[in-house]
Amino acid sequence: MDLDDILALAETSRPSPLELARARRVARAAQSEYDLAAANGYEIIVDSDLVDPLTSAVDEATRVARAAQLTQLGTITWTIGDSGRLSWSDEMAMVFGHAPGTLRLTPETLARLVHHADVDRVREVVRTAWQRRHPDEVTFRVIQPSGAVRHVHCHIEILTTDGAPSGIIATGADTTALELARQERRRLATRTDMLCADLGALDIVSGLPTRSWLTDEVDRARRTTGGALIVVASEPTTRLPDALTDENHDQLTADIARHLRTIVGDEVTCGLVGSGLWGVLLPPTAEHAEPPETLAARLVDTFRRHLFSVAHRTVRLNTWAGLVLFGSDIAATGFDLLIDGEHAARDARRNGVPTRVLTEPAATEDRTDKCRSQVRQAVSTNRFALYAQPIVDLRLNEVTRHEILLRVRSDTGESVAPWAFLDMAERVGEILTVDKWVIDHALELIGRGAQTSHYQVNISGKSLADPGLLTYVTEAIRRHGVKPECLTFEITETALIENRNEALAFATGIREIGCHLALDDFGTGYGALAHLKYLPVDLVKIDGVFIVDLCRSPADQAVVSKLVELCQTLGIRVAAEYVQDEETLDFLKSCGVDFAQGYKTGRPEPLDISPEKAVRTIEFELRLPPQHSAMG
């Protein structure tokens, strides 16, 4: 096929895209032969219209279109005036997914081909380039007839005639591959910036892994290699004075954690498994390695001899250790082994020996009986204390609520954090007994006060499976004379909700009598979003793992912002716990969080519930705590 054949074909029928491509290839070959012959000095006779628009005196649009064709780019040309028209080159038509000559281009059809989300932006770029008479560029998406979306990058140039603007020509190409690669680079860079240490696996005070993390590590070891678990129990040799603050206790915990890490080294897995309880996980004893029994004895001896400094006081620790040896693929879970270690340490204390060694895990029934007996004894002997922590309404900048918190009394009479105890009670099915104790004693205290605040009382998600819980709560409210509208029941450990129907019945009944419902630890665990769908929730508390490092973590900021946005859409109020500084408060306010709770807004204060002493009622709402006085 030569040029005459192409002209003849064009007169008889419309060429197909394949024929057009062949024609362009032949034209380029003819042009190359012409250039070669001219360079060798041959006299060439050509048709008068065989000229190069890039070097001839033709209009600007033709030159741009010719340049685009040589670089395999497409063009869209719009000219004004009497001959005004909108057209595109064959190359650009194919970028938009259309065969050349099959679609008449108009401003309306072009707008329909551009992705609806990009139309206004493209129009604005073109309008600005025209007004300023200055080139510009824009990347946008087009929708091909098949529905496929492609990315196109265009350079916008203003055509002029005698110095006046006469039209616009856009030169562009399909840049989908380049754009997707750029988006992936941006995503990876964002993800790299967002990634940080997994604070959910680290205890805030000690900096060591948490109980749940260490439990999972023990569980993995018992399924694979086996090993040894040491649980170290420590307590001050004398009861620390009541004047010792929470900061002092935190300081002591952090010092013990650093001392433990110094003894075992950075390579050994260890963690905080309870108040005054430390876990050390060891792999099977290797040749020339220190035997677990020797390390346990060394830990006890070193802890006992070390002098800790707290609030300008020197503190010694009584220390005992329980050691559990276990093989691979045993029936006992990581939690079971941890409980065995705690019981072994307790037995060592009771028998007056430094360590107690279990050569194998305890029998399941014996372990469960010990746990249940421990919980029931704590309930029957009132080995608990209630604390109240203020909650600040960020819109009013004042304390309007208090959360009632449980503490467990240790053997020395000190009130300690209950999370290890509650974990055990939930796993052995005794948490309902603890929840009922809290409900009854908390409502008694609330009923003796003026009830000018709002009070949040915790109930485990596992307890919601009991069909008699609603009746128990209702009778306690009536018996203690508590105003239902002053109460919010805060469901903790929502992942443990076993019976959705019973949970819904409790939640509905609680709200019918005038109380409110809240979800604790929101954003973690399983099914939290589903709970918002079927439970009539009034408030959610964003888990502290997203709050403690909020102002230094873009990832936490993104999560908190979206959780607040979700709850606002659903008409649910939002509280944030573990708030520890002014910067975090400012961010929470900017996000629209309703309530803040933490050491910055007020530490928990004890409520004396012993019958032989005067009951101290909850009357903190008339003042702001000292830590909060700088707010607003």
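The values are calculated or read from the model by the stated rules, or taken from the named source; none is laboratory data. This structure is a prediction, so every number in the text was calculated from the model and none was measured. A quick note on method: Cβ atoms are made from the backbone with ideal geometry, for glycine too, and the neighbour counts reach across all protein chains shown. The accessibility values were calculated without ligands, DNA or RNA, using every heavy atom of the protein model including side chains. Shrake-Rupley method; radii C 1.70, N 1.55, O 1.52, S 1.80 Å.
In table form, for the structure just shown:
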read-out: Of residues in the range 581-590 being surrounded by fewer than 19 Cβ atoms within 10 Å (Cβ to Cβ), out of contact with any Cys (no Cβ under 8 Å at 6 or more places or on another chain) and not small (Gly, Ala, Ser), the one nearest to residue 492 (Cα to Cα); value: 589
read-out: Count of residues meeting criterion [among the charged types (D, E, K, R), closer than 22 Å to residue 232 by Cβ and part of a helix (DSSP H, G or I)] in the range 350-383; value: 3
read-out: Scope the range 524-545; condition buried (at least 20 other Cβ atoms within 10 Å of the Cβ) and either part of a strand (DSSP E or B) or within 17 Å of the chain's Cα centre (by Cα) (or both); matching residues; value: 539, 540, 541, 542, 543, 544, 545
read-out: Cross-chain or 6+ apart pairs with Cβ under 9 Å, the range 193-208 first and more than 14 Å from residue 545 (Cβ to Cβ) and modelled with pLDDT of 55 or more, then open to solvent by 50 Å² or more (accessible area, probe 1.4 Å) and not in a helix (DSSP H, G or I); value: 208/202
read-out: Looking only at the range 398-416, and only at residues there that are under 31 Å from the mean Cα position of the chain (by Cα) and open to solvent by 40 Å² or more (accessible area, probe 1.4 Å), the one that is modelled with the lowest pLDDT; value: 398
read-out: Residues of the range 546-580 satisfying the condition of being part of a loop (DSSP other than H, G, I, E, B), at pLDDT below 90 and either exposed (fewer than 15 other Cβ atoms within 10 Å of the Cβ) or of a type in the set (Gly, Ala, Ser) (or both); value: 553
read-out: Some residue of the range 444-456 being under 17 Å from residue 379 (Cβ atoms) and of a type outside the set (Asp, Glu); value: no
read-out: Residue 519 vs. criteria open to solvent by less than 30 Å² (accessible area, probe 1.4 Å), under 21 Å from residue 596 (Cβ atoms), out of contact with any Leu (no Cβ under 7 Å at 6 or more places or on another chain) and at pLDDT 85 or above; value: yes
read-out: Residues of the range 469-491 satisfying the condition of being more than 22 Å from residue 574 (Cα to Cα) and under 36 Å from the mean Cα position of the chain (by Cα); value: 469, 470, 473
read-out: Meets criteria (assigned to a strand (DSSP E or B), touching a helix residue (DSSP H, G or I) at 6+ places or on another chain (Cβ under 6 Å) and either open to solvent by less than 20 Å² (accessible area, probe 1.4 Å) or within 20 Å of residue 371 (Cα to Cα) (or both)) for residue 391; value: no
read-out: Hits in the range 470-494 (condition: more than 16 Å from residue 518 (Cβ to Cβ) and of a type outside the set (Lys, Arg)); value: 470, 471, 472, 474, 475, 476, 477, 480, 481, 482
read-out: Yes/no for residue 139 being surrounded by 12 or more Cβ atoms within 10 Å (Cβ to Cβ), over 51 Å from the mean Cα position of the chain (by Cα) and at pLDDT 70 or above; value: no
read-out: Cβ-Cβ under 7 Å pairs, at least 6 apart or on other chains, the range 84-104 side free of Cβ contacts under 8 Å to residues at least 60 places away in the same chain, far side part of a strand (DSSP E or B) and not small (Gly, Ala, Ser); value: 85/79; 86/78; 87/77; 88/75; 88/76; 89/75; 96/142
read-out: Residues satisfying the stated conditions in the range 480-515, i.e. over 20 Å from residue 431 (Cα atoms) and either in contact with a helix residue (DSSP H, G or I) (Cβ under 8 Å, 6 or more places away or on another chain) or open to solvent by less than 10 Å² (accessible area, probe 1.4 Å) (or both); value: 480, 481, 482, 484, 486, 487, 509, 513, 514, 515
